[in-house]
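Data first, discussion second: the structure below is written as structure tokens.
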Amino acid sequence: MGFARRILFVAAGALAAATASMPAEAQKSKDELRVIWRNVIANVDPYFNGLRDGVVFAHHVWDHLIERDPDTFEYKPGLATEWKWVDDVTLDLTLRQGVKFHDGSAFGAEDVVHTLNYVSDPANKALYQRNTNWIKKAEKVDGHKVRIHLHRPFPPALEFLSLPVFIFSRNYTGPEEQNRRPMGTGPYRVASIEGGKEYRFERFADHYEGSPKGKAKIGKVQVRIITDAATELAELLAGRADLLWYVDADQLPNIQRQRNLKTVSAETMRIGFLSLDAAGRTGADNPLTKQKVRQAIIHSIDRKSFVDNLVQGEARVIHAPCFPTQLGCDDSGVPKYAYDPKKAKALLAEAGYPNGFKTQLMAFRSRTWTEALQQDLKAVGIDAEVQMLPVATLIQRFQKGETPIYQGDWGSFSINDASAIISSFFKGTEDDYARDEQVKAWLDTADNSNDVAVRKENYKKAVNRIMEQAYWVPLHTFVTNYAHTAEVDFRAYKDEIPRYWVYSWK
């Protein structure tokens with residue numbers, strides 16, 4: 001717990017220094033919300049970004065054809081006012097008129113067609129191609145109507161259109177230009193970008209009437225990147241920030257003692273997990289290729305203690321590789337691996353490792369969390385060297401097949417469908433460390449059937465085999481902790497997308 005104590009020490013110093021100097025109204029007088037993020041976004045183009053911070057950036061700058069209500073999950077007209085399925089693989093959409101981009105140009109069918117055809121083309125190498133590879137092509141019917149052709153039936157198409165599929169200008173040329181000069185139709189326009197240090201947004205006065213997002217209430221937003229948890233907390237306590245997220249749970253009491261600060265904790269659709277190299281991508285002689293070793297790892301981890309003492313709040317232990325509300329996420333009948341170090345040691349001995357073995361545990365989120373897992377593994381004889389890496393670097397190494405044990409988390413782009421997580425990690429992509437053809441076949445059937453019963457049946461088969469083979473260690477649901485000045489009228493959303501355009505000053 002050395003890392004946690006260090007943060008507490010630094011925070012205590014900041015607290016003492018800040019109490020007398022905290023401004024009474026934050027940045028209310030300047031109408032500027034000051035936010036801190038921890039992660040550097042390598043590219044703000046949402047099709048070439050794998051970070052939740054980048055997803056949040058995108059929701060403020062761009063819009064969707066269809067918008068999903070964050071409370072009811074109902075679909076609302078966005079850039080498209082109407083949509084209709086012609087058949088199982090053809091979707092017609094009528095586009096909203098009078099919409100403007102941030103540069104003043106008019107939105108129309110050409111923008112939709114160009115965006116969808118570009119990002120769905122595998123030659124353009126969108127980072128998460130599964131978000132768009134169900135699109136065969138988009139075509140213009142007339143100036144305000146488009147038709148989307150699908151390769152095959154894709155039941156969650158509307159979910160994807162309302163979340164990871166953002167619409168760009170017809171002048172979009174790719175991620176390099178978009179990263180330099182991002183331009184959309186959303187409630188905020190990007191005023192400036194300073195490398196990986198700062199983003200500034202200004203309210204877009206011409207954001208279209210009738211948008212489910214509404215007009216931005218706060219005029220300006222400043223986002224600074226501060227990668228150190230202690231430093232970002234010090235900034236909040238000193239009155240130099242108005243809003244933090246992903247605040248460590250052990251810091252909440254410090255913040256709650258301040259009368260002019262508030263905290264909010266909310267469960268989200270994100271789950272934490274360990275991906276184990278069952279396929280031997282890091283080496284054919286990797287002990288993790290043995291089923292009993294992987295089962296031993298699950299038995300070695302005290303997930304309940306991990307949740308109760310580290311994640312805290314409304315977080316729950318999970319037993320399946322998906323979020324419980326997602327269609328197809330059924331953990332009934334799956335093996336429930338109890339915390340049992342004695343059984344873990346016996347399984348290791350049966351697998352040929354009575355004295356354990358050495359491996360690597362790679363992570364990015366929290367050293368405290370990762371070192372807790374390391375200690376559980378060590379208690380049964382597994383000597384896991386911890387490597388904490390920047391998130392972008394870790395994702396690259398993970399996708400290259402260089403992570404024996406990967407501690408990751410996944411928010412499914414907030415899509416309430418199991419395909420958004422299980423099919424992302426178990427269908428032979430660069431994120432797949434199982435490479436199980438039977439699992440892939442079940443997922444193919446589930447992903448491409450419009451029969452809900454067929455989908456559920458095949459997802460259940462896939463989930464059961466994933467857990468029987470112990471390809472993953474599902475750990476917990478996530479709780480996102482926010483801290484903000486009392487002057488901000490703030491609320492959290494279960495889709496883990498803070499909406500700065502909704503917030504206002506009290």
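Pick out the one residue from LYS145, LYS125, LYS136 that is of a type in the set (D, E, K, R), more than 23 Å from ARG181 (Cα to Cα) and in contact with a helix residue (DSSP H, G or I) (Cβ under 9 Å, 6 or more places away or on another chain).
Numbers: LYS125 fails: more than 23 Å from ARG181 (Cα to Cα); LYS136 fails: in contact with a helix residue (DSSP H, G or I) (Cβ under 9 Å, 6 or more places away or on another chain).
It is LYS145.
Mind listing whichever residues of segment 79-113 are under 30 Å from the mean Cα position of the chain (by Cα), of a type outside the set (Val, Ile, Thr) and part of a strand (DSSP E or B)?
ALA80, GLU82, TRP83, LYS84, TRP85, LEU91, ASP92, LEU93, LEU95, LYS100
Scan segment 53-107 for residues that are over 18 Å from HIS207 (Cα atoms), without any contact (Cβ under 8 Å) to a residue 40 or more places away in the chain and of a type in the set (Val, Ile, Thr) and jot them down.
THR72
When you check ASP63 against the structure, is it of a type in the set (Asp, Glu), in the same structural domain as ALA230 (by the TED database) and either buried (at least 20 other Cβ atoms within 10 Å of the Cβ) or within 29 Å of the chain's Cα centre (by Cα) (or both), yes or no? Step through it out loud before you land on a result.
On the way: of a type in the set (Asp, Glu): yes; in the same structural domain as ALA230 (by the TED database): yes; either buried (at least 20 other Cβ atoms within 10 Å of the Cβ) or within 29 Å of the chain's Cα centre (by Cα) (or both): yes.
Criteria met by ASP63.
Suppose we keep only residues that are of a type outside the set (D, E, K, R) and part of a strand (DSSP E or B) within segment 133-174. Which one would you say is farthest from SER105 (Cα to Cα)?
Step one: filter segment 133-174 for residues of a type outside the set (D, E, K, R), giving 133-135, 138, 141, 143-144, 146, 148-151, 153-158, 160-169, 171-174.
When the remaining residues are screened for being part of a strand (DSSP E or B), the result is 135, 138, 141, 146, 148-150.
Numbers: ILE135: 26, ALA138: 21, VAL141: 20, VAL146: 19, ILE148: 23, HIS149: 27, LEU150: 29 Å.
Among those that are of a type outside the set (D, E, K, R) and part of a strand (DSSP E or B), it is LEU150.
Within segment 176-227, take every residue that is among the β-branched types (Val, Ile, Thr) and assigned to a loop (DSSP other than H, G, I, E, B) and give me the one that is farthest from ASP242 (Cα to Cα). If you could, list the steps in order and put the result at the bottom.
Applying the first criterion (among the β-branched types (Val, Ile, Thr)) to segment 176-227 yields 185, 190, 193, 218, 221, 223, 225-227.
With assigned to a loop (DSSP other than H, G, I, E, B) added as a condition, the list becomes 185, 218, 226-227.
Details: THR185: 26, ILE218: 13, ILE226: 14, THR227: 17 Å.
Across segment 176-227, the extreme among qualifying residues is THR185.
The conditions are (1) within 25 Å of the chain's Cα centre (by Cα); (2) closer than 27 Å to ASP250 by Cβ; (3) surrounded by fewer than 23 Cβ atoms within 10 Å (Cβ to Cβ), and TYR339 fails exactly one of them. Which is it?
For TYR339, the failing item is (1).
Looking for whichever is touching a residue at least 40 places away in the same chain (Cβ under 8 Å), in the same structural domain as LEU347 (by the TED database) and within 21 Å of GLN374 (Cβ to Cβ) here; the options are ASP302, ASP250. Which one fits? Let's see the steps before the verdict.
On the way: ASP250 fails: in the same structural domain as LEU347 (by the TED database).
One residue alone meets the criteria, ASP302.
Determine whether LYS358 is assigned to a strand (DSSP E or B), basic (Lys, Arg) and in contact with an Asp or Glu (Cβ under 9 Å, 6 or more places away or on another chain). First the steps, then the outcome.
Working: assigned to a strand (DSSP E or B): yes; basic (Lys, Arg): yes; in contact with an Asp or Glu (Cβ under 9 Å, 6 or more places away or on another chain): yes.
Yes: the conditions hold for LYS358.
Would a scan of segment 379-401 turn up a residue that is assigned to a helix (DSSP H, G or I) and in contact with a helix residue (DSSP H, G or I) (Cβ under 7 Å, 6 or more places away or on another chain)? Working first, answer last.
Our first condition is that a residue be assigned to a helix (DSSP H, G or I); within segment 379-401, this holds for 379, 391-399.
Subset that is in contact with a helix residue (DSSP H, G or I) (Cβ under 7 Å, 6 or more places away or on another chain): 379.
Within segment 379-401, one or more residues are assigned to a helix (DSSP H, G or I) and in contact with a helix residue (DSSP H, G or I) (Cβ under 7 Å, 6 or more places away or on another chain).
Name the single residue, out of those in segment 244-288 being part of a helix (DSSP H, G or I) and among the aliphatic types (A, V, I, L, M), that is modelled with the lowest pLDDT.
Taking segment 244-288 as the starting set, the residues that turn out to be part of a helix (DSSP H, G or I) are 249-256, 287-288.
Retained after the next criterion (residues that are among the aliphatic types (A, V, I, L, M)): 249, 252, 255, 288.
On the way: ALA249: 90, LEU252: 93, ILE255: 95, LEU288: 98.
Ranking the qualifying residues of segment 244-288, first place goes to ALA249.
Does at least one position in segment 359-367 carry a residue that is among the polar types (S, T, N, Q), within 21 Å of PRO287 (Cα to Cα), crowded, with 20+ Cβ neighbours inside 10 Å and modelled with pLDDT of 95 or more?
Filtering segment 359-367 down to residues among the polar types (S, T, N, Q) leaves 359-360, 366.
Adding the requirement that they be within 21 Å of PRO287 (Cα to Cα) leaves 359-360.
Next, only the ones that are crowded, with 20+ Cβ neighbours inside 10 Å stay: 359.
Now narrow it down to the ones that are modelled with pLDDT of 95 or more: 359.
Yes, segment 359-367 has at least one match.
Would you say TYR459 is touching a residue at least 12 places away in the same chain (Cβ under 8 Å), part of a helix (DSSP H, G or I) and of a type outside the set (A, V, I, L, M)? Walk me through how you get there before you give the answer.
Working: touching a residue at least 12 places away in the same chain (Cβ under 8 Å): yes; part of a helix (DSSP H, G or I): yes; of a type outside the set (A, V, I, L, M): yes.
Spelling it out, TYR459 is indeed touching a residue at least 12 places away in the same chain (Cβ under 8 Å), part of a helix (DSSP H, G or I) and of a type outside the set (A, V, I, L, M).
The values are calculated or read from the model by the stated rules, or taken from the named source; none is laboratory data. Note that the structure is a prediction, hence the values are computed from the model and not measured. Heads up, the Cβs are rebuilt from the backbone with ideal geometry, glycines too, and the neighbour counts pull from every protein chain shown.
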